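See structure below.
Derivation of every value follows stated rules applied to the coordinates shown; laboratory data play no part. Predicted model only: the values in this text are computed from it and were never measured. Glycine gets a Cβ as well: all are built from the backbone with ideal geometry, and neighbour counts include every protein chain shown.
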Amino acid sequence: MVRSDTVELTERQRRVREAVGDVCAEFDAAYWREHDADEAYPHEFVNALAEEGWLGVLLPEEYGGKGYGTEEAVAMMYEIARSGAGFSGAQTVHAAVYNSAPLVAYGDEELKSDLLPRVASGDAWIQCFSLTEPKAGSESTAITTRAVREGDEYVIDGEKLWTSRIDVSDYLVLAARTTPREEAERKTDGVSLFLVDIDRGREAGWIELEEIDKTASGVVSSFRVTYDGLRVPADRLIGVEDEGFYQVLDGLNEERLVIAAETVGLGELAVETGADYANEREVFDRPIGQNQAIQHPLSASHARLQAAKQYTFAAAGRTGDGDRKAVGAWANTAKYLAAEAAFEAADAAVQAHGGRGVDREYDVERYLREARLTRLVPVTQELALNYLGENVLDLPRSY
């Protein structure tokens, strides 16, 4: 099958794709199939990327990182997903790349100098961001996890949901209210971010985990987490107290573009897998790919994916010269287009496989599960459309 190199890359993006592709080539479809079935984190894969410095792709060079930006991160994460790892494979390292961003922007120099070089080398993992709560969901300002200052520490109590990779991380970034919502001037005020040493918290009994039994992204574990009297040193507050919500928003759109690239990579992987099977499988003495009922869904999916891909890569190249509202519009559009295209692509690939489409050995059922997930995370398709309706079409705010 001809590779879908329809996007004109910068020289640096080409180098990134080639280097990351060389690492990914060591991990075939069977590797990802087995790890998904066993619900096992792919330590070998993540360590291989870490050894080449890719967990520090966005970290400044002064801290041992590569000093790259959104354009290169888009190329990197697209390549990981496209290689066979899929969306969940990309998500095994996505957080390691992005959870350090608040530290880079807002952390004090002593903390950054100590921790970030270890993150860049893979010796310390910040794989976990603990934000979502059972009663808050997408309404992040409604979180109730409370952090109260006591001397040189904060004491944190609350419950989080969908906290992923805490079982394979050294540190987590935790969002908690330092000012109750009803006392804050604006509902977006009063949230703070903290860097938490996970082993210290668990050994002291301050952090309790309950794994969520889910049907998608088996290589990434997710948990309900209870923080009971968690003590965090005051110098582990990231940035300024009560301004954590704005710190979360900073860089959120760029990250969403990278997720769109991962989603496109998954979709292309599904189309390629479906087309390969359609060329090989013969029924009534002819390859099933000769039938338009098979050809058209795969071809239409390919076309939609190329549109989403062009948009995503083009937007990534403009994040430095647009205002935040414009970048938000690009990011939400890319995320919406990519998730829709990837789901249709995975569904077409399953249909092309017939009954074998639900056989784990043929991988496409995994792609379908992952593609369905992309329509929910990091925000739902409906929330992406809400943003576009309000900020692009000037329609009344709907929530």
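Hey, what angle do you get for helix 252-280 against the long axis of the chain, alpha-carbon based, 0 to 90 degrees rounded to 10?
20 degrees
Check each of the trypsin sites (Lys or Arg not before Pro) in the stretch 130-177 and keep only those in coil by DSSP with at most 15 other C-beta atoms within 10 angstrom; list them in order. Mind showing how you got there, number by number?
On the way: sites: LYS135, ARG146, ARG149, LYS160, ARG165, ARG177; in loops: LYS135, ARG165.
Here the trypsin sites (Lys or Arg not before Pro) that fit, given the DSSP loop and packing criteria, are LYS135.
Using the Cβ atoms and a cut-off under 12 Å, what net charge is assigned to the surroundings of GLY229, where Lys and Arg are +1 and Asp and Glu are -1?
Details: positive: ARG146, ARG231; negative: GLU150, GLU153, ASP157, GLU208, ASP228.
That sum, taken over residues with Cβ under 12 Å, equals -3.
What angle do you read, to the nearest 10 degrees and between 0 and 90, between the alpha-carbon axis of helix 381-391 and the longest principal axis of the chain?
70 degrees
Can you give the % of DSSP beta bridges in the stretch 128-241 that are antiparallel, to the nearest 5?
Bridges in the stretch 128-241 are about 90 percent antiparallel.
Please report, largest first and rounded to whole Å, the three semi-axes of the ellipsoid equivalent to the stretch 254-399, where each semi-axis is the square root of five times an eigenvalue of the C-alpha gyration tensor. Display every interim value, and only then the final one.
Details: eigenvalues 225, 39, 30 Å².
Result for the stretch 254-399: semi-axes of 34, 14, 12 Å.
If you take the beta carbon distance between GLU39 and ASP394 as r and set R0 to 45 Å, what does 1/(1 + (r/R0)^6) give as a FRET efficiency, to the nearest 0.05? Before the final figure, lay out each step's value.
On the way: r = 46 Å, r/R0 = 1.01.
Step by step, r from the Cβ atoms, then E = 0.50.
Past 24 Å, Cα to Cα: identify those pairs from LYS66/LYS112; LYS160/LYS187; LYS135/LYS325; LYS187/LYS325, in the order given.
Violating the 24 Å limit, Cα to Cα: LYS135/LYS325.
What FRET efficiency comes out for ARG149 versus SER299 if R0 is 45 angstrom and r is the Cβ-Cβ distance? Round to the nearest 0.05.
Calculated transfer efficiency: 0.15.
How large is the helix-only mean residue ellipticity at 222 nm for the chain, computed as the sum of -39500 (n - 2.57) over DSSP H runs with n ≥ 4, divided by its residue count, in deg cm²/dmol to the nearest 500? Walk me through the numbers on the way to the answer.
Numbers: 14 runs with 194 residues, N = 399.
Mean residue ellipticity, 222 nm, calculated: -15500 deg cm²/dmol.
Using alpha carbons only, how many degrees (0 to 90, rounded to 10) separate the axis of helix 86-98 from the longest principal axis of the chain?
It works out to around 30 degrees.
Quick one: which of 277-283, 95-101 comes out on top by average Cβ neighbours within 10 Å, and what's the full order, highest first? Please report the intermediate quantities before stating the final value.
On the way: 277-283: 14.6, 95-101: 22.9.
Ranked by mean Cβ neighbours within 10 Å, highest first: 95-101, 277-283.
In the stretch 46-145, which GluC sites (Glu not before Pro) fall in coil by DSSP and have 16 or fewer other Cβ atoms within 10 Å? Mind showing how you got there, number by number?
On the way: sites: GLU51, GLU52, GLU61, GLU62, GLU71, GLU72, GLU79, GLU109, GLU110, GLU139; in loops: GLU52, GLU139.
Answer in residue order: GLU52, GLU139.
In percent, what relative contact order does the stretch 82-143 have, based on Cα pairs under 8 Å that are 6 or more apart in sequence?
Rounded, it is 30 percent for the stretch 82-143.
Relative contact order of the stretch 5-159, please, whole-number percent, based on alpha carbon pairs below 8 angstrom and at least 6 residues apart. Spell out each step's value before the answer.
Details: 169 pairs, mean separation 32.1, N = 155.
Value for the stretch 5-159: 21 percent.
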